[in-house]
Amino acid sequence: MKLWVNGGLFDADAARVSVLDHGLTVGDGVFETLKSVDGRPFAMEPHLDRLTRSARGLGLPDPDLDEVRRACAAVLEANPMPLGRLRITYTGGLSPLGSDRGDAGPTLVVALGETTRRPDTTAVITVPWTRNERSALAGLKTTSYAENVVALAAAHERGASEALFANTVGRLCEGTGSNVFVVLDGRLYTPPLTSGCLAGITRALTVEWTGAQETELPMDVLERADEIFLTSTLRDVQAVHRVDGRELPGAPGPVTAKTMRIFAERAAQM
Ligand code: PMP
C-alpha cells in the first residue's frame, strides 16, 4: 500500500508525520472520505469544496487543491482496487503541546483502503448523546470523531450498524457517518443543515434528485415514519429495517427503493 504524505508517495510503513502533529495531539484536523470505483473517485469536487470549508472553519490555511488532486490520482494509480475508500486528512501539523497551533504548516495525508458494498438494509439505534448545532465545529468534517466512535461501538453492541443523534433541542440530526431521511405519508424529509448535521454529499444529491424536503423533525418521527433510510459516500442509499426495538417490515419500502434506483442511475452517469 502506498500513500501520500506532504508532497510525495511513500510505502505505508515508511510514511511519517510528527508524533507532535496537532491532528494527533488535539484532533486539530479535517478530512474527507471519497469512494473510488475502478480507480475513479466519485464526486471529487464537492468533497474538495467541503474539505476547504472544513479547513476554513478550523482556521487552517486553505488546502492546496492541486496537490490534493495530484495526491489522490497518485494513490489511486499506485493501489488498483475495484472499490476503494479514499481518505484525505489535513491537519494543523507539527505544533507545540497544548491548543496553540505551530507554524510548521499543515500536514496532508491521502490513503486508500479496499472496501465492499454495504447491504441494502440495516438496523440502527438512537443514542442519548447529542450533536451540538451551536458548536464551533457544527457541520465541519473534523478529525474529532471520538464521539462517533463511541456511538458506533454502542450500535454494534446492540446488533446495529449505525447510531442516530438528536441535536441539543431534541431534533433528529444525523448518524455517526451518515445522514438520515424519513418517509411520512409518502413524502420524503431530511433534517436541515441548521440541525447540526454534516452537509453530506450523498444527502445533497438525494435532495436534488428526489425533491426531499429539508425540515426540522422531532426524534419520535422514528417511531412513526413509514420508511427510514441513510445516505453516505460508502452506503449510497441504505434502507433501515429496524430502529431501536421497532421493526420496519418490507424495507426497503417503495419510496426508499425508488430513491435507491434513482441514485444508482444518476450516480453511474457522473
Ligand atoms: N454525517 C457524518 C457525521 C459523516 O461522517 C458522514 C460521512 N462523511 C455523513 C454524514 C455523510 O456524508 P457523505 O454523504 O458526504 O459521505
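Among the residues of segment 131-153, those identified as more than 24 Å from Arg87 (Cα to Cα) and surrounded by fewer than 17 Cβ atoms within 10 Å (Cβ to Cβ) are Asn132, Arg134, Ser135. Summed over segment 151-161, the residues that are more than 16 Å from the chain's Cα centre (by Cα) and within 14 Å of the ligand (Cβ to nearest atom) give a count of 1.
Kindly indicate whether any position in segment 39-55 is of a type outside the set (Gly, Ala, Ser) and either more than 30 Å from Thr194 (Cβ to Cβ) or at pLDDT below 95 (or both).
yes
I'm checking my understanding of the structure. Among residues of segment 33-46 that are buried (at least 21 other Cβ atoms within 10 Å of the Cβ) and touching a Ser or Thr at 6+ places or on another chain (Cβ under 8 Å), which one is nearest to Arg87 (Cα to Cα)? Within segment 33-46, the match that is nearest to Arg87 (Cα to Cα) is Leu34.
Within segment 8-22, which residues are touching a residue at least 40 places away in the same chain (Cβ under 8 Å) and within 25 Å of Asn79 (Cα to Cα)? Walk me through how you get there before you give the answer.
First, the residues of segment 8-22 that are touching a residue at least 40 places away in the same chain (Cβ under 8 Å): 9, 12, 15, 17-18, 20-22.
Once the filter is applied, which keeps residues that are touching a residue at least 40 places away in the same chain (Cβ under 8 Å) and within 25 Å of Asn79 (Cα to Cα), segment 8-22 yields Leu9, Ala12, Ala15, Val17, Ser18.
Consider Pro192 carefully, then state whether it is away from the ligand (no atom under 15 Å from the Cβ) and either modelled with pLDDT of 95 or more or surrounded by fewer than 21 Cβ atoms within 10 Å (Cβ to Cβ) (or both). No; evaluated as a whole, the condition is false for this residue.
For segment 69-82, the condition of being out of contact with any Gly (no Cβ under 6 Å at 6 or more places or on another chain) and part of a strand (DSSP E or B) holds for none of the residues. Restricted to segment 220-262, and to residues that are surrounded by 20 or more Cβ atoms within 10 Å (Cβ to Cβ) and of a type in the set (Asp, Glu), which residue is nearest to Pro191 (Cα to Cα)? Residue satisfying both the conditions and the ranking: Glu227. Among the residues of segment 153-202, those that are hydrophobic (A, V, I, L, M, F, W, C) and in a strand (DSSP E or B) comprise Ala163, Leu164, Phe165, Ala166, Leu172, Cys173, Val180, Phe181, Val182, Val183, Leu184, Leu188. Tell me, please, whether a residue that is over 30 Å from Gly159 (Cα atoms), crowded, with 21+ Cβ neighbours inside 10 Å, polar (S, T, N, Q) and touching a Ser or Thr at 6+ places or on another chain (Cβ under 8 Å) can be found in segment 48-66. Yes: segment 48-66 contains one or more residues that are over 30 Å from Gly159 (Cα atoms), crowded, with 21+ Cβ neighbours inside 10 Å, polar (S, T, N, Q) and touching a Ser or Thr at 6+ places or on another chain (Cβ under 8 Å). With respect to the conditions (1) within 10 Å of the ligand (Cβ to nearest atom); (2) buried (at least 24 other Cβ atoms within 10 Å of the Cβ), Leu164 lacks only one, and its number is (1). Residue count for segment 14-46 under the criterion of being in a helix (DSSP H, G or I) and among the aliphatic types (A, V, I, L, M): the result is 3. Condition check for Gly105 on (1) among the small types (Gly, Ala, Ser); (2) at pLDDT below 95; (3) buried (at least 21 other Cβ atoms within 10 Å of the Cβ): one failure, at (3).
The values are calculated or read from the model by the stated rules, or taken from the named source; none is laboratory data. As the structure is a prediction and not an experimental result, all values here were calculated from the model. Note that we place each Cβ from the backbone using ideal geometry, even for glycine, and neighbour counts take in every protein chain shown.
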